[in-house]
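Student: Here's a structure for you.
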Amino acid sequence: MSCVNVRGCPIGEGRPKTILPIVEGTEAAILEKAVQFSTLPADCVEWRADWFQDCRDPAAVARCLQKLRVALGSKLLLVTFRTQAEGGQAALSPAEYRQFLELVLDTDCADLLDIEFFTAGADLSLLMEQAHTAGVPVVCSSHDFAKTPHRAELVERMVQMQQAGADLPKLAVMPQSRTDVLELLAATAEMADLHPETPVITMSMGALGAVSRLAGETFGSAMTFANPGQASAPGQVSLDIVNEVLDALHL
């Protein structure tokens, strides 16, 4: 599997990298979490901008991003606007979504940018090109909170993300059975073995899928989200447990 090196952090190499989500409504609360997270044993912080009460105000978003970048210190910053259609807190039109991503790139604060595969639609390749021109790797994401598609469909979706230019294809799906968790893990392993052009990020959500968040190094998922006190998705495991298990499996 290839590696994406972001400010000295080799994503896709060795132990999966940990991500802590910030899901707060005000600038003050966001920055308070950022200062707290800057000292925790994690590699990356995701700002879920869809939780920000001023997320539709470009000046407020830019100001918060600039302060957030400073507050996080050496931590990587992944910027995400999770749309309502993909399980987020706010709905954006295609034009609004594109404008948000372009605003983030203009601030030069993000180390990684989340671009939703289906939401970007026909603009996907163009948006990825803009991110790469700005020197920002892309996490291309797709979420299904209702089901787990078959392995072939999961693999095909991640391959399409690769072909569009994604640096890190990401899938999050909801299992309805233990077999669904195995489908997600098998799709992850197939990507690592047969399509190693990029690292991938995968997870099976909910309590049933929690094991997938801990088994990344075995099956091929390069990053995992940990719960630092407030989860941003079902099934996120606490940071202490994630680190303990990842360290044990890595050794």
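Student: I want the local charge near Pro169. Using Cβ-Cβ distances under 13 Å, sum +1 for each Lys or Arg and -1 for each Asp or Glu among the other residues. The partial results should precede the final answer.
Tutor: Details: positive: Arg157, Lys170; negative: Asp114, Glu116, Glu156, Asp167, Glu190, Glu197.
With Lys, Arg at +1 and Asp, Glu at -1, the net is -4.
Student: Placing unit charges on C-beta atoms (Lys and Arg positive, Asp and Glu negative, everything else neutral), compute the dipole magnitude of the chain about its Cα centre in debye, rounded to 20.
Tutor: 340
Student: Quick one: length gained pulling Asp193 to Ala28 fully straight, 0.36 nm per residue minus the C-alpha distance? If you can, show how the numbers build up before the last one.
Tutor: Numbers: separation 165, 0.36 × 165 = 59.40 nm, distance 4.41 nm.
So the chain would gain 55.0 nm between Asp193 and Ala28.
Student: Still on this structure, please answer the following. Rounded if a/c is under 1.5, else prolate if a/b is larger than b/c, else oblate: which is region 10-143, with a ≥ b ≥ c the root eigenvalues of its Cα gyration tensor? Mind dumping the intermediate values first?
Tutor: On the way: a/c = 1.56, a/b = 1.18, b/c = 1.32.
Oblate is the answer for region 10-143, as a/c is 1.5 or above yet b/c matches or exceeds a/b.
Student: Name the longest site-free stretch of the chain, where the excluded sites are trypsin sites (Lys or Arg not before Pro) in a DSSP loop with no more than 15 other beta-carbon atoms within 10 Å.
Tutor: 148-251
Student: Can you list residues from other chains, or at least 5 along the same chain, whose modelled amide H is less than 5 Å from the amide H of Asn227?
Tutor: For Asn227, whose amide H was placed from the backbone, the distant partners under 5 Å are Val237, Ser238, Leu239.
Student: Could you give the length gained on full extension between Arg63 and Glu153, defined as 0.36 nm per residue of separation minus the Cα-Cα distance, in nm? Don't skip to the answer; put the middle values down first.
Tutor: Details: separation 90, 0.36 × 90 = 32.40 nm, distance 3.99 nm.
Contour length minus Cα-Cα distance gives 28.4 nm.
Student: Using only the Cα atoms of region 122-214, build the gyration tensor, take square roots of its eigenvalues as a ≥ b ≥ c, and label the shape rounded, prolate or oblate: rounded if a/c is under 1.5, else prolate if a/b is larger than b/c, else oblate.
Tutor: Details: a/c = 2.21, a/b = 1.93, b/c = 1.14.
Note, shape of region 122-214 comes out prolate.
Student: Now for a separate question. Which of the lysines could a cross-linker span from Lys67 if the Cα-Cα distance has to be under 21 Å and same-chain partners fewer than 8 positions apart are dropped?
Tutor: Lys33, Lys75
Student: Then there's this: Placing unit charges on C-beta atoms (Lys and Arg positive, Asp and Glu negative, everything else neutral), compute the dipole magnitude of region 56-196 about its Cα centre in debye, rounded to 20. Before the final figure, lay out each step's value.
Tutor: Working: 12 positive and 19 negative charges, 98 e Å.
With Lys and Arg at +1 and Asp and Glu at -1, about 460 debye.
Student: Specify which residue in the list His132, Ala85, Ala122 is farthest towards the positive end of the charge dipole of region 82-229, using unit charges on the beta carbon of Lys, Arg (+1) and Asp, Glu (-1), about the Cα centre.
Tutor: The Cα lying farthest towards the positive end belongs to Ala85.
Each reported figure results from applying straightforward, stated rules to the coordinates on display, with no laboratory input. Given the structure is predicted, the values throughout are model-derived calculations rather than measurements. We place every Cβ from the backbone using ideal geometry, glycine too, and count neighbours over all the protein chains shown.
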